[in-house]
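Before any comments, here is the structure.
The values are calculated or read from the model by the stated rules, or taken from the named source; none is laboratory data. Small disclaimer: the values here were computed from a predicted structure and weren't measured. Note that we place each Cβ from the backbone using ideal geometry, even for glycine, and neighbour counts take in every protein chain shown.
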Amino acid sequence: MAELTDLQKRVFRFYEDNTFVYYIHAKPIVDYDGQVILSLTVGEEHVNLHGILHGGVLMTLADTGMGAAAMMKNKKVVTMTLSMDFMHAVPLTTTIYARGKILHNGAHTMTLECEVRDRAKKLYAKAHGTFYVLGSFVDED
């Protein structure tokens with residue numbers, strides 16, 4: 001793997017220092033095109049009483065994946081709206097990946113979507129969110 005860019009390193013540090021992301025055991029990784037995405041292997045702590053991934057964990061992962069996409073555009077954002085379509089139940093031990101995609105990159109708001117897939121590209125859920133831009137993720141000199 002190529003060496004990380006300064007921005008990728010800062011996004012990684014942001015997620016490594018984020019106690020909630022650490023709590024759910026999500027990990028930032030670099031995708032095939034240099035985007036920082038989130039991965040999660042479903043463990044016992046993530047499942048509901050039916051033995052499948054809890055929807056709240058899935059929404060958290062998607063929200064965080066969209067935040068990563070915004071940070072890769074040097075935007076510090078907070079979520080305004082978030083919706084999700086759940087396509088398939090995610091079983092225990094499955095590793096899933098949340099990849100955010102920017103639909104609108106405005107000065108004050110951003111609109112993003114996030115697909116959550118496994119390594120075989122099976123689509124488990126798709127989220128859509130609107131985010132308020134607080135400013136730059138990294139101060140530019």
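Structure notes:
- Leading residue by the ranking (surrounded by the most Cβ atoms within 10 Å (Cβ to Cβ)) among those in the range 46-56 that are outside any helix (DSSP H, G or I), without any contact (Cβ under 8 Å) to a residue 24 or more places away in the chain and of a type outside the set (A, V, I, L, M): His54
- Sole residue being more than 24 Å from Glu140 (Cβ to Cβ) and either assigned to a helix (DSSP H, G or I) or modelled with pLDDT of 95 or more (or both), chosen from Met66, Met59: Met59
- Leu92, sole failed condition from (1) farther than 13 Å from Met110 by Cβ; (2) crowded, with 19+ Cβ neighbours inside 10 Å; (3) out of contact with any Leu (no Cβ under 6 Å at 6 or more places or on another chain): (2)
- Val77 being surrounded by 21 or more Cβ atoms within 10 Å (Cβ to Cβ) and within 16 Å of Glu113 (Cα to Cα): yes
- Residue in the range 2-20 that is in a loop (DSSP other than H, G, I, E, B), surrounded by 16 or more Cβ atoms within 10 Å (Cβ to Cβ) and either in contact with a Pro (Cβ under 6 Å, 6 or more places away or on another chain) or not β-branched (Val, Ile, Thr) (or both) present: no
- Evaluation of Phe86 against (1) more than 20 Å from Arg119 (Cα to Cα); (2) at pLDDT 95 or above; (3) more than 15 Å from the chain's Cα centre (by Cα) (one fails), failing number: (1)
- Qualifying residue in the range 23-32 (condition: over 18 Å from Thr94 (Cβ atoms), in a helix (DSSP H, G or I) and among the hydrophobic types (A, V, I, L, M, F, W, C)): no
- Whichever residue in the range 57-74 is polar (S, T, N, Q) and within 11 Å of the chain's Cα centre (by Cα) and, among such residues, is surrounded by the fewest Cβ atoms within 10 Å (Cβ to Cβ): Thr60
- Residue within the range 33-41 that is surrounded by fewer than 17 Cβ atoms within 10 Å (Cβ to Cβ) and farther than 23 Å from Met110 by Cα present: yes
- Strands (runs of 3 or more DSSP E) wholly inside the range 77-140 containing at least 3 residues that are touching a His at 6+ places or on another chain (Cβ under 9 Å) and within 18 Å of Met59 (Cα to Cα): 109-118, 123-136
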